[in-house]
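The block underneath contains the structure these notes are about, expressed in structure tokens.
The values are calculated or read from the model by the stated rules, or taken from the named source; none is laboratory data. As the structure is a computational prediction, the values presented were derived from the model and not from experiment. Neighbour counts are summed over all protein chains in view; Cβ atoms, including those assigned to glycine, are modelled from backbone coordinates with ideal geometry. Ligands, DNA and RNA are excluded from the accessible area calculation, which covers all protein heavy atoms including side chains. Shrake-Rupley method; radii C 1.70, N 1.55, O 1.52, S 1.80 Å.
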Amino acid sequence: MSVTAENEWKQLSDEFIKIEKNHEEYLKKMREIRKSQDSCLKAVKHQYYMLGQLRDDITKAETSPNASPSERIKSAELRQQALEMRARLYEMQNELPVQNNGFYLNLILGSNLNVSLLTGAERYKYKQEYENFKWKVTILVLSVLLLSYVLPFRVIDSIGNFIMVWYYCTLTIRESILRINGSKIKGWWVLHHYLSCVLCGIHLTWKDGPCYQEFRPQFIMFVAYIGLVQLMQGQYQSGCLRRLHALGQGHQMDITVEGFQSWMFKGLTFLLPFLMLGYIFQLYNAYTMFLLSQRCTGQWQVFALAILFAVIGVGNIWTTTLVILKKLREGTKSDQITRKYRAKNDQKSE
Ligand code: COA
């Protein structure tokens with residue numbers, strides 16, 4: 001063996017010993033972190049339990065006929081402090097691994113895969129990626145739609161429908177992961193995506209024929225309209241996300257909590273008429289399909305689609321109205337805003 005090779009080997013061996021030491025150190029720290037996570041999780045769980053007991057005691061003290069006014073004031077103070085502690089515990093819990101992914105994710109991903117995102121920066125990035133994903137797939141769907149408008153073949157319609165089934169299915173998985181990681185996405189929007197997935201699936205199985213062809217132009221117009229609204233909605237959601245992140249980081253980006261609220265209401269005022277028109281379109285689709293179902297016997301898809309469009313339209317109107325009314329009534333609490341994507345303990349958040 002040449003001297004050069006021998007020297008190289010020696011250098012490599014020395015380097016390898018260092019790597020081995022670092023790796024051992026890393027494994028040791030990992031074990032320590034796991035232990036620390038377990039003990040924190042246990043402590044948080046126990047604290048929640050104790051807070052529950054305290055709440056019962058406070059209620060008892062408050063409702064007691066013998067309680068003096070000063071005791072009632074004390075109880076109210078305690079209740080407020082307990083609420084603040086609960087909010088802090090919730091924040092801590094968000095920075096600890098989730099123990100159960102829930103039925104849907106367990107079913108799809110298996111129960112031993114941990115999908116917790118432990119820092120504000122990780123959660124922000126994941127949410128950003130989710131918004132990017134929606135944006136890109138919506139553009140893809142709109143492109144296929146344009147193609148199927150120019151080339152009216154059933155196979156191109158099917159490709160578009162298939163992409164939508166896959167898209168909504170993926171959204172439900174991503175949204176379940178987001179919810180596990182503290183996102184406040186309303187249950188209806190997740191359910192809406194399950195229903196949309198079923199709707200596109202049923203539309204995919206609908207046999208070509210006079211009935212299908214009759215509804216086809218309306219469906220293409222509807223998907224194009226919803227696609228464009230989704231792009232607008234994506235702009236709004238990404239804008240909210242960036243601003244919330246900047247607020248949590250304390251960036252001097254000319255943004256304040258009041259600035260965020262005013263931007264949000266402007267965005268909502270712009271978006272709302274387009275959303276409502278989309279919901280009316282959904283109800284109109286339900287009506288058209290219902291009329292069609294009287295004539296197109298033997299095609300169960302027609303009636304099923306009528307029901308689905310009606311449920312989605314009514315659910316959307318109901319939920320969006322509640323969301324807007326709640327925002328008008330309460331606004332968004334400033335501490336919730338600044339905490340949302342805060343990367344308090346992160347080394348650096350991009
Ligand atoms: N899909 C996915 N996530 C949604 C959502 C939706 N439709 N609506 C709200 N969210 C998310 C927000 O991003 C936020 O997430 P975070 O906690 O991870 O930051 C959380 O839910 C809470 O949002 P909220 O404050 O209630 O509402 P908002 O100001 O973000 O959005 C609307 C309000 C009305 C604009 C929004 O709910 C919306 O666009 N709804 C219409 C959706 C729709 O009808 N789509 C089909 C036709 S295009």
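The value given for segment 3-96 is a Kirkwood hydrodynamic radius of 17.9 Å, derived from the mean inverse Cα-Cα separation. Here segment 142-186 is treated as a Stokes sphere of Kirkwood radius computed over C-alpha pairs; at 10 °C and 1.306 mPa s its diffusion coefficient rounds to 131 µm²/s.
In this rough spin-label picture, where each label sits 7 Å from Cα along the Cβ direction, the residue 129-residue 99 distance is 2.7 nm. Please give the residues of segment 89-104, grouped as numeric ranges, whose backbone N is less than 20 Å from a label point set 7 Å along the Cα-to-Cβ vector of residue 29. Only 95-97 pass the distance filter. Report, in whole Å, the centroid distance computed from the Cα atoms of segment 80-112 and segment 254-323. About 31 Å separates the Cα centre of segment 80-112 from the one of segment 254-323. A crude spin-label estimate for the pair residue 317 and residue 186, with each label 7 Å from Cα along the Cβ direction, gives 1.4 nm. Think of it this way: in the chain, 40, 169, 197, 200, 240 stand alone, with no other Cys Cβ under 4.7 Å.
Which net charge results for the neighbourhood of residue 73, defined as the other residues with beta-carbon distances under 12 angstrom from its beta-carbon, given Lys and Arg at +1 and Asp and Glu at -1? Spell out each step's value before the answer.
Working: positive: 72, 74, 79; negative: 62, 71, 77.
Within the 12 Å Cβ shell, the charges total 0.
Note on segment 118-344: along the principal axes its Cα atoms extend 60, 32, 30 Å, ordered by decreasing extent.
Of the complete DSSP H runs in the chain, those spanning 20 angstrom or more by Cα along the long axis with a mean Kyte-Doolittle score not below 0.0 are 154-180, 187-205, 210-249, 257-295, 300-330. Looking only at 59, 320, 256, which one moves most when the chain is put into a Gaussian network model with springs between Cα atoms under 10 Å? Result: 59 has the largest fluctuation of those listed.
Net charge near residue 104, counting Lys/Arg +1 and Asp/Glu -1 over other residues with Cβ under 12 Å of its Cβ? So the surrounding residues net to +1. Highest mobility in the GNM of the chain, judged by mean-square fluctuation with C-alpha springs under 10 Å and restricted to 260, 133, 103, is found for 103.
How big is the dipole moment of segment 153-303 about its Cα centre under a simple scheme where the beta carbon of each Lys and Arg is +1, that of each Asp and Glu is -1, and everything else is neutral? Debye, nearest 20, please. Present the calculation step by step, with values, prior to reporting the outcome.
On the way: 11 positive and 6 negative charges, 34 e Å.
Roughly 160 debye, rounded to the nearest 20.
Available extension along the chain between residue 37 and residue 300 is 89.5 nm, counting 0.36 nm per residue and deducting the alpha carbon span.
The charge dipole of the chain, taken about its Cα centre with unit charges on the Cβ atoms of Lys, Arg (+1), Asp and Glu (-1) only, comes to about 760 debye. Among 94, 316, 112, the largest mean-square fluctuation in a Gaussian network model of the chain, built with springs joining Cα atoms closer than 10 Å, belongs to 112.
Here the Karplus curve 6.51 cos²θ - 1.76 cosθ + 1.60, taken at θ = phi - 60°, turns the phi angles of segment 103-114 into couplings of 4, 5, 5, 4, 5, 8, 9, x, 7, 9, 9, 8 Hz, with x standing for Gly and Pro. As a fraction of the 1.4 Å probe accessible area of the chain, surface on carbon and sulfur atoms comes out at 63 percent. Toward the positive end of the charge dipole of segment 3-96, with +1 on the Cβ of Lys and Arg and -1 on the Cβ of Asp and Glu, the farthest Cα among 69, 82, 94 is that of 69.
Exactly which trypsin sites (Lys or Arg not before Pro) in segment 97-204 are in a DSSP loop and have at most 15 other Cβ atoms within 10 Å?
Qualifying residues, ordered by number: 184, 186.
With every protein chain kept in place and ligands, DNA and RNA left out, what is the accessible area per residue of the chain? Probe 1.4 Å, answer in Å². The partial results should precede the final answer.
On the way: 21740 Å² over 350 residues.
Value returned for the chain: 62 Å² of accessible area per residue.
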